[in-house]
Amino acid sequence: MSYHPDTAPLPPMLVHRLEDADTGLSGAIVIHSTRLGPAAGGCRLWTYPDLGAAIGDATRLAEGMSYKNALAGLPLGGGKAVLRLPAGGLDRAAMFRAFGRVVEGLGGRYVTAEDVGTSVDDMRAVAETTRHVAGLPPQDGRPGGNPSPFTARGVFVAMQAAAQRRFGSSLDGLTVAVQGLGNVGRALCTLLHEAGARLIVAETRPDVAEAVAQRTGALILMPDEIVAARADIFAPCALGGVLDRASIDRLQAVMVCGGANNVLASPEIGQCLAERDILYCPDYVVNAGGIINVAAEYLGWSQDEVDRRVGETGRRLLRVLHHADAEGIAPNLAADRLARAMIAPRVGD
Ligand code: NAI
């Protein structure tokens, strides 16, 4: 197996700068692809040294959303908004209303939602000035609200499918090391416990770890020990970049499947894992349950449709793993290639 570095970024379609002196709005909306539908991706509010850094981040994240939405089978392209957190005081509602006006002006080419640094309240303000927003509280039993339970469910069904492939068994009796017990990690632990898996957990908030251990019988490790836990499966549900050249030397698990974004510090790590016969389930393939719920809110799908699509996460993962085997490449690279083929412009576009 050889590593083919064909992961150079695809250029974005549109970089729309945001500047509004009255409200302090500063940043960018990047539309990476609308090949499959409106470009969807959250709005991040973060401290950036300058506009260039914000645009760089938005460009990278927007491309990731194109891949994730494509492989999730959604009729959506990829985009992202990045807003710079002003140094001084901030009228959040006014700033997000101004942001919404720009989103509205893009005529539905970009759909926004919460992301790091933004909240449901912020999206409520955005919704005052545009229709093209999701991540609002659920109404009348329709999709909406916290996406984490759907993310956890998708990771769980992906893990079930991958365990059949890697171990030839269900999760019953396997040991899963879960890193991070936030919204996704806690929900995943509940599903794993119900499925008969043994749990090893680590969390920087000891009281949270203790509560999960009481409920599920999990063994608690210190945060710096969890990568090296004696487990069959490692489930990263905290930080990005957790698997690098140093940490994979300590990894005891032979399968990696979790909710965290950007698990691999660099794409080459996927190749290193494959060479060690460690099955890596690509992060954006297995953690797409949340975006499926967000998409359903915007597209007007039912909750049953969300459940059906999230339930197919295992099938989508197996398709990627099959492609990796057929091409002799690492699963992360196989996912990128499949996604790129789906969003590539076709003759006549
Ligand atoms: P969260 O913020 O609720 O949970 C993260 C947890 O990890 C926190 O409890 C934190 O204390 C803990 N933590 C931080 N550093 C740690 C360390 N070194 N060791 C152990 N625990 C540590 O976030 P959430 O929503 O559960 O998301 C988890 C991951 O999944 C993130 O990477 C996020 O980007 C990703 N993700 C989440 C989605 C969602 O629907 N919430 C959707 C797709 C991806």
Condition test on ASP277, is it more than 26 Å from CYS43 (Cβ to Cβ), open to solvent by 40 Å² or more (accessible area, probe 1.4 Å), more than 10 Å from the ligand (Cβ to nearest atom) and not in a loop (DSSP other than H, G, I, E, B)? no
Filter segment 36-59 down to the residues that are touching a residue at least 12 places away in the same chain (Cβ under 8 Å) and more than 20 Å from the chain's Cα centre (by Cα) and list them by number. THR47, TYR48, LEU51
Is there a residue being within 21 Å of VAL306 (Cα to Cα) and not aromatic (Phe, Trp, Tyr) anywhere in segment 177-184? yes
On the given criteria, is ALA158 open to solvent by less than 10 Å² (accessible area, probe 1.4 Å), under 19 Å from the mean Cα position of the chain (by Cα) and not hydroxyl-bearing (Ser, Thr, Tyr)? yes
Hits in segment 113-137 (condition: within 15 Å of the ligand (Cβ to nearest atom), open to solvent by 50 Å² or more (accessible area, probe 1.4 Å) and outside any loop (DSSP other than H, G, I, E, B)): GLU114, VAL120
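Yes/no per residue for (1) of a type in the set (Lys, Arg); (2) closer than 16 Å to GLY73 by Cβ; (3) not in a helix (DSSP H, G or I):
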residue: ALA260; (1), (2), (3): no, no, yes
residue: GLN271; (1), (2), (3): no, no, no
residue: TYR298; (1), (2), (3): no, yes, no
residue: LEU317; (1), (2), (3): no, yes, no
residue: VAL320; (1), (2), (3): no, yes, no
residue: HIS323; (1), (2), (3): no, yes, no
residue: MET342; (1), (2), (3): no, yes, no
Please tell me if THR151 is crowded, with 24+ Cβ neighbours inside 10 Å, among the β-branched types (Val, Ile, Thr) and farther than 30 Å from GLU194 by Cβ. no
Looking at the structure I just gave you, is TYR298 within 16 Å of the ligand (Cβ to nearest atom), in contact with a strand residue (DSSP E or B) (Cβ under 8 Å, 6 or more places away or on another chain), touching a residue at least 24 places away in the same chain (Cβ under 8 Å) and open to solvent by 10 Å² or more (accessible area, probe 1.4 Å)? yes
Go through segment 198-254 and report how many residues are within 16 Å of ARG276 (Cα to Cα), assigned to a loop (DSSP other than H, G, I, E, B) and within 14 Å of the ligand (Cβ to nearest atom). 1
Right, GLY185: at pLDDT 95 or above, closer than 15 Å to ALA152 by Cα and among the small types (Gly, Ala, Ser) or not? yes
Those residues of segment 7-40 which are at pLDDT 95 or above and on the phi > 0 side of the Ramachandran plot, in sequence order: GLY27, GLY37
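Take PRO75 and decide whether it is open to solvent by 30 Å² or more (accessible area, probe 1.4 Å), assigned to a loop (DSSP other than H, G, I, E, B) and over 30 Å from ASP307 (Cα atoms).
Considered against the rule, which asks whether it is open to solvent by 30 Å² or more (accessible area, probe 1.4 Å), assigned to a loop (DSSP other than H, G, I, E, B) and over 30 Å from ASP307 (Cα atoms), PRO75 comes out as no.
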Only residues that are open to solvent by less than 40 Å² (accessible area, probe 1.4 Å) and either farther than 22 Å from LEU317 by Cα or assigned to a loop (DSSP other than H, G, I, E, B) (or both): list them for segment 161-191, please. SER169, LEU171, GLY173, LEU174, GLY180, LEU181, GLY182
Whether any residue in segment 75-82 is out of contact with any Leu (no Cβ under 8 Å at 6 or more places or on another chain) and of a type in the set (A, V, I, L, M) is what I want to check. no
Would you tally the residues in segment 192-234 being among the hydrophobic types (A, V, I, L, M, F, W, C) and surrounded by fewer than 13 Cβ atoms within 10 Å (Cβ to Cβ)? 1
Which residue pairs have Cβ atoms under 9 Å apart, sit 6 or more places apart or on different chains, and have a first residue in segment 89-102 that is open to solvent by 60 Å² or more (accessible area, probe 1.4 Å) and a second that is in a helix (DSSP H, G or I)? ARG92/ASP121; ARG92/ASP122; ARG92/ALA125; ARG97/ALA125; ARG97/VAL126
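Among the residues of segment 138-147, which ones are buried (at least 20 other Cβ atoms within 10 Å of the Cβ) and closer than 20 Å to LYS80 by Cα?
GLY144, PRO147 - these are the residues of segment 138-147 that are buried (at least 20 other Cβ atoms within 10 Å of the Cβ) and closer than 20 Å to LYS80 by Cα.
The values are calculated or read from the model by the stated rules, or taken from the named source; none is laboratory data. Note that the structure is a prediction, hence the values are computed from the model and not measured. All Cβ positions, glycine included, derive from the backbone under ideal geometry; neighbour counts span all protein chains shown. The accessibility values were calculated without ligands, DNA or RNA, using every heavy atom of the protein model including side chains. Shrake-Rupley method; radii C 1.70, N 1.55, O 1.52, S 1.80 Å.
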